[in-house]
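Chemist: Pasting in a structure now, in structure tokens, and then I'll have a few things to ask.
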Amino acid sequence: MKNCVKFIFTITAVFISTYTLACDACSLKQPEVTKDLTHGLGPESDWDWFIVGIVISITIIAFIFSIMYLIRPGEKEKNHIKYSILQ
């Protein structure tokens, strides 16, 4: 069990440090906002930033609704499928 936890921790640390931060060549190509965060070219026009903003807002809205329905699903009927699963 200890070896498994140690292995998972090591793999996670390597993934976070290697793949999530940009290399030096990519940092030079990125705009100031995303300079050390991503690989490749950054957004090249204002439309790219507009698309990124829409994707971020959709993600935030989906996250808020998922948390909201996780806390209070709103199902009150006794014959709902969740009661058969919970029993």
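The values are calculated or read from the model by the stated rules, or taken from the named source; none is laboratory data. Values in this document were obtained by computation on a predicted structure and should not be read as measured data. Heads up, the Cβs are rebuilt from the backbone with ideal geometry, glycines too, and the neighbour counts pull from every protein chain shown.
Chemist: Mind listing whichever residues of the range 68-87 are loosely packed, with under 10 Cβ neighbours inside 10 Å and part of a helix (DSSP H, G or I)?
Modeler: Within the range 68-87, Leu70, Ile71, Ile81, Ser84, Ile85, Leu86 qualify.
Chemist: Take Gly40 and decide whether it is at pLDDT 75 or above and either in a loop (DSSP other than H, G, I, E, B) or touching a Lys or Arg at 6+ places or on another chain (Cβ under 8 Å) (or both).
Modeler: Against the criterion (at pLDDT 75 or above and either in a loop (DSSP other than H, G, I, E, B) or touching a Lys or Arg at 6+ places or on another chain (Cβ under 8 Å) (or both)), Gly40 does not qualify.
Chemist: Is there a residue being more than 30 Å from Cys26 (Cβ to Cβ) and either in the same structural domain as Val33 (by TED's automatic domain parsing) or aliphatic (A, V, I, L, M) (or both) anywhere in the range 43-53?
Modeler: No, there is no match, as no residue in the range 43-53 is more than 30 Å from Cys26 (Cβ to Cβ) and either in the same structural domain as Val33 (by TED's automatic domain parsing) or aliphatic (A, V, I, L, M) (or both).
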